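First comes the structure, then the notes that go with it.
Each value in this text was obtained by applying a stated rule to the coordinates, not by laboratory testing. Note that this is a predicted model, so its numbers are computed, not measured. Please note: Cβ atoms are built from the backbone with ideal geometry, for glycine as well, and neighbour counts cover all protein chains shown.
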């Protein structure tokens with residue numbers, strides 16, 4: 001099973017449209033957004049994804065506007081952290097990596113965002129991943145990730 005990871009899109013609709021194209025072509029089973037969607041109109045573009053979207057709110061998200069749009073499209077967005085199981089792996093999702101605690105480190109994979117920097121590192125048996133820049137703020141550094149849960153390997157899709 002392959003899941004996609006997107007972070008910090010910050011309402012860059014041109015980049016979000018490109019992300020949708022890339023992830024639909026990647027044939028992923030689920031898309032995880034690690035926060036900072038920013039505005040509800042971004043979710044309207046993400047609604048074109050072939051796979052269901054889950055994720056967490058970031059510090060820049062307009063929750064009152066985003067929540068009803070997410071619900072209308074069947075997207076699951078939560079405050080704080082999200083934990084789920086897929087393909088025999090425990091996956092934790094958080095926006096700010098400073099909030100990674102001992103409970104999250106019990107997961108096989110932790111996905112986060114917030115700092116717009118690529119992170120791919122191990123802490124004990126846990127793989128931490130942030131795809132880095134998705135919003136177009138750092139020209140030429142845009143990427144989303146695809147995680148193969150069977151192998152716990154990450155592929156970066158740069159755009």
So what is the relative contact order of the chain, in percent, for Cα pairs below 8 Å that sit 6 or more residues apart? 24
Sorted from largest down, give the three principal axis spans of the alpha carbons of the stretch 2-158, whole angstrom values. 38, 29, 28
Could you work out how far helix 63-72 tilts from the main Cα principal axis of the chain, as a 0 to 90 degree angle to the nearest 10? 90
Quick check on the stretch 2-158: of the DSSP beta bridges with both residues there, what percent are antiparallel, nearest 5%? 55
Could you list 38, 9 so that the one with the fewest beta carbons within 10 Å of its beta carbon is first and the one with the most is last? 38, 9
With axes computed from alpha carbons, what is the tilt in degrees of helix 13-26 against the longest principal axis of the chain, rounded to the nearest 10 within 0 to 90? 50
